[in-house]
Amino acid sequence: MQVTDLMRYNHVARGLYLDAMAKLPWAAVLEPKGLSFDSMRNVFLHLTFVEDRWINFIIPSRFGEWVDLSFDDFGDIDSLKKYVRQTEIKTEKYLEKLSSEELNRQVVVPWGNKPETRISIETALCQVVMEDMIHYGELSALLWQMNIEAPYLGFWRYKHMHP
């Protein structure tokens, strides 16, 4: 299996959650729910921030340039869609040129243990996907609590649709 398949699957899954949130009143998306990042918007943004930070700042060794974005800068569903689209376009450009040498290249994890913690690009990309899966579970549980069917796309079905 290719990690690029997982990244692209993740983008499709992210779109499903974004679509589900778009059907809700914005107040429900913002409502504090005691989640890892309190509201649906904040959890959703966190997982998008994670991808943006790894792909565009950690992997190219530009972590010092990362500026934390404020959840409050995203005041409607369209601002979420715009940021997701921008992030996924940058990620796709990176994935298109990804080689086996690049997958094996080591990067510094900026908040790792000292001395420097280094991991492969492949591990970094898997971290992005796994981080998102954890938070999709949170969003799913919240949707179920609201009596809304959470989106689901099995990886096997994704691969069948995108051979």
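Tabulated values for the structure
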read-out	value
Neighbour net charge for PRO110 - beta-carbon separation under 12 angstrom, K R +1, D E -1	+2
Cα long-axis angle, helix 77-96 against the chain (0 to 90 degrees, to the nearest 10)	20 degrees
Farthest positive-ward along the chain dipole, Cα basis, beta-carbon charges - from GLY15, ASN147, PHE74	GLY15
Computed over segment 3-161: relative contact order in percent, which uses C-alpha pairs under 8 Å that are six or more apart	30 percent
Estimated 222 nm signal from helices in the chain, with DSSP H stretches of n ≥ 4 weighted -39500 (n - 2.57), rounded to 500	-19000 deg cm²/dmol
Charge dipole (debye, nearest 20) of segment 14-90; +1 at Cβ of Lys and Arg, -1 at Cβ of Asp and Glu	240 debye
Label point at ARG105 placed 7 Å out along Cα→Cβ; residues across segment 48-67 whose backbone nitrogen lies under 19 Å	51-66
The chain: most fluctuating residue of ASP72, ASP52, ASP19 per GNM, C-alpha cutoff 10 Å	ASP72
Charge dipole magnitude, Cβ of K and R +1, D and E -1 - the chain, Cα centre, debye nearest 20	300 debye
Longest to shortest principal axis, alpha-carbon extents of segment 3-161, angstrom	46, 37, 26
Rounded Å value of the spacing that divides the Cα centres of segment 1-54 and segment 88-162	12 Å
Summed residue charge, Cβ within 15 Å of TRP156's Cβ, Lys/Arg positive, Asp/Glu negative	+2
Net +/- balance of residues flanking ARG14 in space, Cβ distance below 11 Å, scoring K and R +1, D and E -1	-1
Greater than 28 Å apart at Cα, pairs in LYS33/LYS93; LYS114/LYS159; LYS33/LYS90; LYS23/LYS97; LYS33/LYS81; LYS81/LYS159	LYS33/LYS93; LYS114/LYS159; LYS33/LYS90; LYS23/LYS97
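Each reported figure results from applying straightforward, stated rules to the coordinates on display, with no laboratory input. On a predicted model such as this, the values are computed, not experimentally measured, just so you know. Cβ: placed from backbone, ideal geometry, glycine included. Neighbour counts: every protein chain shown.
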